[in-house]
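Notes to accompany the following structure.
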Amino acid sequence: MKTSDHPGHGSAFAPVDHRAAVAAETAQFVSVVKDADLATAVPSCPGWTLADLVKHTGSVQRWFSVLLRTRIQEPPRKREVDLRLPDQENAYADWLAESATVAAEAFAATDPNLPMWAWGADQHARFWARRMLFETLMHRVDAELALGLRPTIDGPVAVDGIDEFLVNLPFAASFAPKVANLRGADKTIRLRTTAGDDEWLVRLRPDGFGLDTTRPTAKTADATVRGTASDLLLLVYGRLSYDAEVFVHEGDEDLLTHWFANSAF
């Protein structure tokens, strides 16, 4: 699905192959943790170690794969899945690599355009591949941050990730209850990349919030944050603050503080 097909922004980037990107991101994640101490704390996921991070990511991949294989048409009543988790943590990296293989097999057996239940906006099988990609990518980033490494994110993937996050955020209340606080009297927040013309305009209304359904055309917003696509992706996921040196921000700081305090998941 092309990033430009989604409401709220335009993009000069090529479409992202979510299925292939899951494999690539998992391989990078595996290479990061392969020889690391899995007892290392992960500051961006308080209370977690690298072992927890790997277990969570592989579990998500295997759970989503079950949903794809069963062509689920309604919210699942249980989340039991045979994780085949090794007894020894030193085998976790290989297990994570195997999780991506399980996902690839589910992708290969499922038409991405197949109608399926999903918790977000897109009620098709492709939702789960896209969601799996950004679960994997963000936790790969978490692992790198925990090990003192500087994460890099491919530009088109970062743009797609910002879009995926903002399109689905209004549907995330079941596991991110703070989104219910994201209301306002027609207040707008613009996120804009410093390279290219990618931008998103979020509108807070008295009854909720959402992306504008057409490309933003207003010259001003109540608050604006500008940065690279990769940094903006880390921002929406709460891994960076809008007042970090990598961003230029202007406008209503109280609005930005309110948004970012209630939007990350």
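The values are calculated or read from the model by the stated rules, or taken from the named source; none is laboratory data. Note that the structure is predicted; figures quoted are calculated from it, not measured. Cβ atoms come from the backbone with ideal geometry, glycine included; neighbour counts cover every protein chain shown. Areas reflect the complete protein model, heavy atoms only, side chains present, ligands, DNA and RNA absent. Shrake-Rupley method; radii C 1.70, N 1.55, O 1.52, S 1.80 Å.
Of the residues 188, 193, only one is over 30 Å from residue 76 (Cα atoms), β-branched (Val, Ile, Thr) and touching a strand residue (DSSP E or B) at 6+ places or on another chain (Cβ under 6 Å); which? Give the steps one after another, and end with the answer.
Values: 193 fails: touching a strand residue (DSSP E or B) at 6+ places or on another chain (Cβ under 6 Å).
It is 188.
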Could you look through segment 15-33, keep only residues that are over 18 Å from residue 152 (Cβ atoms) and either modelled with pLDDT of 95 or more or among the aliphatic types (A, V, I, L, M) (or both), and pick out the one that is surrounded by the fewest Cβ atoms within 10 Å (Cβ to Cβ)?
-> 17
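Examine segment 157-170 for a residue that is closer than 26 Å to residue 129 by Cα, outside any helix (DSSP H, G or I) and either among the hydrophobic types (A, V, I, L, M, F, W, C) or in contact (Cβ under 8 Å) with a residue 60 or more places away in the chain (or both), and state whether such a residue exists. Please lay out each step first, then the result.
In the first step, residues of segment 157-170 are kept if they are closer than 26 Å to residue 129 by Cα; the result is 157-170.
Okay, now just the ones that are also outside any helix (DSSP H, G or I), so none.
No, segment 157-170 has no match at all.
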Pull up segment 96-149, narrow it to residues that are among the polar types (S, T, N, Q) and buried (at least 23 other Cβ atoms within 10 Å of the Cβ), then point me to the one that is farthest from residue 82 (Cα to Cα).
-> 136
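Take segment 150-202 and flag every residue that is of a type in the set (Ser, Thr, Tyr) and either within 14 Å of the chain's Cα centre (by Cα) or under 17 Å from residue 221 (Cβ atoms) (or both). Spell out the reasoning first.
Taking segment 150-202 first, the residues of a type in the set (Ser, Thr, Tyr) are 152, 174, 188, 193-194.
Those that are of a type in the set (Ser, Thr, Tyr) and either within 14 Å of the chain's Cα centre (by Cα) or under 17 Å from residue 221 (Cβ atoms) (or both): 188, 193, 194.
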Checked 142, 82, 94, 111 against criteria (acidic (Asp, Glu) and in contact with a Cys (Cβ under 7 Å, 6 or more places away or on another chain)); the one match is 142
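Applying the selection to segment 71-95, what residues are part of a loop (DSSP other than H, G, I, E, B), surrounded by 12 or more Cβ atoms within 10 Å (Cβ to Cβ) and not charged (D, E, K, R)? Show your work before the answer.
Here is the first cut: in segment 71-95, the residues part of a loop (DSSP other than H, G, I, E, B) are 71-88.
Subsequent filtering for residues that are surrounded by 12 or more Cβ atoms within 10 Å (Cβ to Cβ) retains 71-72, 76, 81, 83, 85-86.
Hits for segment 71-95 are 72, 76, 81, 83, 85, 86.
Just checking, which of 153, 189 is hydrophobic (A, V, I, L, M, F, W, C), within 30 Å of residue 38 (Cα to Cα) and modelled with pLDDT of 95 or more? I'd like the intermediate steps shown before the answer.
Details: 189 fails: within 30 Å of residue 38 (Cα to Cα).
None of the others qualify; the one that does is 153.
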Is there any pair with a first residue in segment 74-89 that is at negative phi and a second that is in a loop (DSSP other than H, G, I, E, B) and surrounded by 12 or more Cβ atoms within 10 Å (Cβ to Cβ) whose Cβ atoms are under 7 Å apart and which are 6 or more apart or on different chains, and what are they?
-> 74/117; 75/117; 89/38
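Residues that are in contact with a helix residue (DSSP H, G or I) (Cβ under 6 Å, 6 or more places away or on another chain): find the strands (runs of 3 or more DSSP E) completely inside segment 179-250 holding 3 or more of those.
Working: elements: 187-193, 199-205, 208-211, 223-227.
Fully inside segment 179-250 and qualifying: 187-193.
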Is it the case that some residue within segment 225-241 is open to solvent by 10 Å² or more (accessible area, probe 1.4 Å), free of Cβ contacts under 8 Å to residues at least 40 places away in the same chain, more than 30 Å from residue 33 (Cβ to Cβ) and touching a Ser or Thr at 6+ places or on another chain (Cβ under 9 Å)?
-> yes
Residue match in segment 137-145 (condition: out of contact with any Lys or Arg (no Cβ under 9 Å at 6 or more places or on another chain), hydrophobic (A, V, I, L, M, F, W, C), within 18 Å of residue 54 (Cβ to Cβ) and modelled with pLDDT of 95 or more) | yes
Report whether or not residue 194 is buried (at least 17 other Cβ atoms within 10 Å of the Cβ), among the hydroxyl-bearing types (Ser, Thr, Tyr) and either under 19 Å from residue 242 (Cβ atoms) or at pLDDT 90 or above (or both).
-> no
Across segment 37-56, what is the total count of residues that are surrounded by 15 or more Cβ atoms within 10 Å (Cβ to Cβ) and not in a helix (DSSP H, G or I)?
-> 7
